[in-house]
Amino acid sequence: MSTAHVVGGGPAGLMAAQVLARAGVTVTVHEAMPSPARKLLLAGHGGLNLTHSEERARFLTRYGDSAARMAPVLDVFGPEDLRAWAAGLGEPTFVGSSGRVFPQTFRAIPLVRAWLAQLADLGVRVETRQRWTGWAPDGHTLQLVGPDGALVEAAGDVTVFALGGASWPRLGSDGQWVGPFTTRGVQVAPLRAANVGVRVGWTPRFADRFGQGPAPAAPPESGQGAAR
């Protein structure tokens, strides 16, 4: 049986694990934080806007220059598929007055619990407090640091990296993955803010007290983003 390692236990990593497990692959998810899906759980405090109900052509424009690349992806798994997936976990959705789609409970906890239970039923292992730091000298085996600081090595037939950006370090999105990729020669697009287009000249004192500086080994303009 084929084996896969998914590095990152956010929604993207968990969805990749689900697809692989349903295809008969033995999957292990490695998450650096004490529990998976932490940013999804935080988003649930604001109602958990999962997607939007607008028609496809308009929806595609939201991806800007990436619309053509995303079109075939949405053909396979679009907003209605996402709603069906949530309903399958016992969390039906509804369309709000803004056209945005939310779980009827307005909460993330029931959805995440049901999702993790489903993944467990599929045989997916979720290893927490394991931070990926790069590859072993063979260039294939993953190297991770476990909760006790000991080195953990993992090798399989395929590896999926779902590492997020650098938007919220305390939830796991700290951008530290940039270093191992660039060291290996992988070209990484500079991390930048994905949700806003505003630059503010904060005073040094305000920036030092409340700001988030560049993540270690990340380019100067740190923020949300991903490897391209």
Checklist entry - Ser53 versus Ala12, label points 7 Å from Cα toward the beta carbon: distance in nm? => result 2.9 nm
Item to check | Residues of the range 58-87 with amide N under 16 Å of a point placed 7 Å along Cα→Cβ from Val95 | outcome: 58-60, 78-84
Checklist entry - Can you give the FRET efficiency for Ala84 and Thr61, using 1/(1 + (r/R0)^6), R0 = 30 Å, r = Cβ-Cβ distance, to the nearest 0.05? => result 0.80
Checklist outcome for this item: With bins of 5 Å, the percent of all Cα-Cα pairs of the chain per bin from 0 is 1, 6, 12, 15, 18, 18, 14, 9, 4, 1, 0, 0
Checklist entry - Long-range amide H contacts for Val29: which residues qualify at under 5 Å (H placed 1.01 Å from N, peptide plane, sequence gap of 5 or more or a different chain)? => result Val6, Arg125, Val126, Glu127
Item to check | Backbone HN-Hα couplings from phi across the range 113-124 [Karplus 6.51/-1.76/1.60, Hz, Gly and Pro as x] | outcome: 4, 5, 5, 5, 5, 5, 4, 4, 5, 7, x, 6
Next on the checklist: Using +1 at the C-beta of Lys and Arg and -1 at the C-beta of Asp and Glu, which of Gly123, Gly9, Ser98 has the Cα lying farthest in the positive direction of the dipole of the chain?
Outcome noted: Ser98
Item to check | Under 5 Å, built H, 5+ apart or other chain: amide partners of Ser173 | outcome: Trp168
Checklist entry - What is the calculated FRET efficiency for Ala193 to Val19, with r their C-beta to C-beta distance and R₀ = 30 Å, to the nearest 0.05? => result 0.55
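Would you mind putting 119-130, 89-100, 138-149, 16-27 in packing order, based on average other-beta-carbon counts within 10 Å, highest first? Could you put the intermediate results ahead of the total?
Values: 119-130: 16.0, 89-100: 14.2, 138-149: 12.5, 16-27: 17.6.
Top of the packing list down: 16-27, 119-130, 89-100, 138-149.
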Next on the checklist: Taking amide H atoms as placed 1.01 Å from N in the peptide plane, list the residues 5 or more away in sequence, or in a different chain, whose amide H sits under 5 Å from that of Trp135.
Outcome noted: Gln143
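A short reminder: the numbers here are calculations on the coordinates, not readings from a lab. Since the structure is predicted, the reported quantities are computational estimates derived from the model, not experimental observations. As a convention, Cβ positions derive from the backbone with ideal geometry for all residues, glycine included, and neighbour counts pool all protein chains shown.
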